[in-house]
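Novice: Please see the structure below; I have some questions.
The values are calculated or read from the model by the stated rules, or taken from the named source; none is laboratory data. Since the model is a prediction, treat every value here as computed from it, not as a measurement. Cβ placement follows ideal geometry from the backbone for every residue including glycine, while neighbour counts extend to all protein chains displayed. Please note that ligands, DNA and RNA were not included when accessible areas were found on the heavy atoms of the full protein model with its side chains. Shrake-Rupley method; radii C 1.70, N 1.55, O 1.52, S 1.80 Å.
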Amino acid sequence: MVNTVPIWGNFTLTIEEAAAYFRIGENKLRQIVNENRNADFILWNGNRPQIKREKFEAVLNDLADI
């Protein structure tokens, strides 16, 4: 039996998962990550960025546009 966590329950999301969850394009997310490499909402797994879901939600809540 494989236990899978739904996307809304994950602590971190890949760029692909974050694009689907937040309805933001992958290219736009990659641009955001590249412009904010040391941001609190990014966790680096080697050279792969992981988006901290709740922290990124807080950032998006404070924005008027992307």
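Novice: Condition first: touching a residue at least 24 places away in the same chain (Cβ under 8 Å), open to solvent by 40 Å² or more (accessible area, probe 1.4 Å) and more than 19 Å from PRO6 (Cα to Cα). Now tell me which residues in the range 17-44 satisfy that.
Specialist: LYS28, LEU43
Novice: Another question about this same structure. Determine which member of the set ILE32, ILE51 is hydrophobic (A, V, I, L, M, F, W, C) and not in a strand (DSSP E or B).
Specialist: Every option except ILE32 fails the conditions.
Novice: Given the residues PRO6, PRO49, which is the only one that is over 12 Å from the mean Cα position of the chain (by Cα) and open to solvent by less than 80 Å² (accessible area, probe 1.4 Å)?
Specialist: Selected residue: PRO6, the only one of PRO6, PRO49 that is over 12 Å from the mean Cα position of the chain (by Cα) and open to solvent by less than 80 Å² (accessible area, probe 1.4 Å).
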